[in-house]
Amino acid sequence: MIEVQHLSKKFVDNWALQDTSWKLGTRRSMGLLGPNGAGKSTTMKIITGLLCATDGQVLVDGEDIFHHPVACKKKIGYLPETPPLYDDLNVKSYLKFVCGLKSVPTYHHTSQMDLAIEKMNLQSVAYKPISDLSKGFRQRVGIAQALIGDPPILILDEPSVGLDPQQVFELRKVIIALKTEHTILLSTHVLTEVQEICDDVVILDRGQVKAQGALQEILSQMQPGHSIRIQVQKITKALLTDLNEISGVISIQQDGQWLEVRCGQNFDRLDIFVEPILKNDSGLLAIEKHHARLEDVFIEVTKE
Ligand SMILES: Nc1ncnc2c1ncn2[C@@H]1O[C@H](COP(=O)(O)OP(=O)(O)OP(=O)(O)O)[C@@H](O)[C@H]1O
Ligand SMILES: [Mg+2]
C-alpha cells in the first residue's frame with residue numbers, strides 16, 4: 001500500500017505539489033491524472049526516492065520512504081517518463097545488468113529475466129540490440145526492467161506515450177495482466193486507458209488534488225442517475241410530452257437532433273422510449289445509454 005500524506009514539493013519559487021494526500025490500496029491500480037505540469041512525475045519521483053519532498057510523507061506498506069529508502073525501493077519497480085535503456089545492449093544483457101543493479105542474487109538472474117521477458121512478451125526480441133527496437137518494444141523493455149526483483153508495486157510514468165494504436169493496445173493488455181499480481185500506479189493522458197485499467201483515480205492540477213477515489217464512484221458523482229441519448233429527425237412538443245410521461249424520466253434536454261433523457265432508474269430495455277418516437281413519426285436515428293466519461297470529470301475539475 002502507498003500512502004501519500006500532505007506531500008509538498010517546491011522547486012525554487014514554484015510549488016510543484018501542495019499538500020497532496022491520497023492512498024493506493026494493495027493490488028489496486030490507480031491512474032494519476034492531470035494536465036501538463038500538474039505534478040504527476042514529481043509525485044512519482046518522490047515515491048520512488050529520486051526526489052526529496054519539501055514537506056509531508058510517503059509510506060510504503062506503512063514504512064516511511066525517507067527513513068527506510070532501501071526497504072521501500074525494493075518493493076517498487078519504476079518506469080520513468082524516459083525509460084533508462086542502454087541502446088548498445090541486447091534485451092537480455094540489459095535485464096541481466098538491471099539484475100545486478102538491483103542486487104538480485106546471481107542464482108535468480110535467469111529466472112527473473114525469463115519471467116520479465118515472458119510477462120512483457122519480449123521473447124521475439126530477447127537477443128536484439130535495444131537500439132533496433134520499435135518504441136512499443138522499448139517501452140515494454142522499460143517495464144521489464146521495472147519487474148526485475150519481483151517488486152509488488154509498479155509505478156509507470158506515461159507508459160503508452162508516443163505509441164501507435166496497435167502498440168497501445170498490446171501494452172494495455174500486458175498492463176492489465178500485471179494487475180493480478182501487482183499494485184499499479186500509472187500516469188497517462190489517455191483517459192480511456194484509465195477507464196480500462198484502473199480501479200482508482202487521483203486528478204492533480206497545478207500541484208493540488210482536485211478529485212480522488214474509486215473510478216466508478218467518481219463517475220457516478222459526476223452523473224447521478226442514468227441517461228439515455230436519442231437522435232431523431234424531428235423533435236415535436238408531442239414527442240417531448242410523450243417521453244416526459246414515461247415513468248422514471250426526470251428531465252429531457254435538447255441539443256440539435258439529440259435528446260438527453262435523464263432517468264431515475266436504469267432501463268434494461270429501451271423499447272419504452274422507441275414507442276413514442278414511432279407514434280409521433282419522429283424518425284429514430286439512434287438510441288443509446290449514455291455513460292459518464294472520465295473526460296467529463298477531468299475537464300470539469302481542471303477547467304479553472
Ligand atoms: N527538476 C525541476 N526543477 C524545477 N522545476 C521542476 C522540476 N521538475 C518539475 N518541475 C516543475 O514542477 C511542475 C510539475 O512538473 P511535473 O513534471 O511533475 O508535471 P507532470 O504532471 O508530470 O507533467 P507532464 O504531463 O507534462 O509530464 C512543473 O511546473 C515543472 O515545471
Ligand atoms: Mg510527467
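The values are calculated or read from the model by the stated rules, or taken from the named source; none is laboratory data. Here the structure is a predicted model, which means the values were calculated and not measured. Reconstructed Cβ throughout: ideal geometry from the backbone, glycine too, with neighbour counts over all protein chains shown.
Report, by residue number, each residue of segment 172-190 that is in a helix (DSSP H, G or I) and in contact (Cβ under 8 Å) with a residue 12 or more places away in the chain.
Once the filter is applied, which keeps residues that are in a helix (DSSP H, G or I) and in contact (Cβ under 8 Å) with a residue 12 or more places away in the chain, segment 172-190 yields Arg172, Val174, Ile175, Ile176, Ala177, Leu178.
Name the single residue, out of those in segment 46-102 being touching a Gly at 6+ places or on another chain (Cβ under 6 Å) and touching a residue at least 60 places away in the same chain (Cβ under 8 Å), that is surrounded by the most Cβ atoms within 10 Å (Cβ to Cβ).
Taking the candidates together, the pick is Leu79.
Working only within segment 149-171, note down all residues that are assigned to a strand (DSSP E or B) and either surrounded by fewer than 22 Cβ atoms within 10 Å (Cβ to Cβ) or of a type in the set (D, E, K, R) (or both).
Of everything in segment 149-171, just one residue is assigned to a strand (DSSP E or B) and either surrounded by fewer than 22 Cβ atoms within 10 Å (Cβ to Cβ) or of a type in the set (D, E, K, R) (or both), namely Asp157.
Out of the residues in segment 18-70 that are in contact with a helix residue (DSSP H, G or I) (Cβ under 6 Å, 6 or more places away or on another chain) and of a type in the set (Val, Ile, Thr), which is farthest from ligand 1 (Cβ to nearest atom)?
Val60
Working only within segment 275-304, note down all residues that are in contact with an Asp or Glu (Cβ under 6 Å, 6 or more places away or on another chain) and over 25 Å from Gln233 (Cα atoms). Reasoning before the result, please.
Initially, segment 275-304 is screened for residues in contact with an Asp or Glu (Cβ under 6 Å, 6 or more places away or on another chain), giving 276, 302.
Selection gives Thr302 alone.
Output the number of the condition that Lys96 fails; it satisfies all remaining conditions of (1) at pLDDT below 95; (2) charged (D, E, K, R); (3) under 15 Å from Gly149 (Cβ atoms).
So Lys96 meets the others, but not (1).
Of everything in segment 252-304, what is acidic (Asp, Glu) and either in the same structural domain as Ala214 (by TED's automatic domain parsing) or closer than 28 Å to Val202 by Cβ (or both)? Give them in sequence order. Show your work before the answer.
Filtering segment 252-304 down to residues acidic (Asp, Glu) leaves 255, 260, 268, 271, 275, 281, 288, 295-296, 300, 304.
Hits for segment 252-304 are Glu295, Asp296, Glu300, Glu304.
Can you list residue pairs whose Cβ atoms sit under 7 Å apart, with the first residue in segment 108-134 being more than 19 Å from Phe169 (Cβ to Cβ) and assigned by TED's automatic domain parsing to the domain that holds Ile148 and the second being in a helix (DSSP H, G or I) and among the charged types (D, E, K, R)? Count only pairs 6 or more apart in sequence or on different chains.
If the second residue must be in a helix (DSSP H, G or I) and among the charged types (D, E, K, R), the pairs left are His109/Lys96; Met113/Lys92; Met113/Lys96; Ala126/Lys92; Tyr127/Lys92; Ile130/Arg138.
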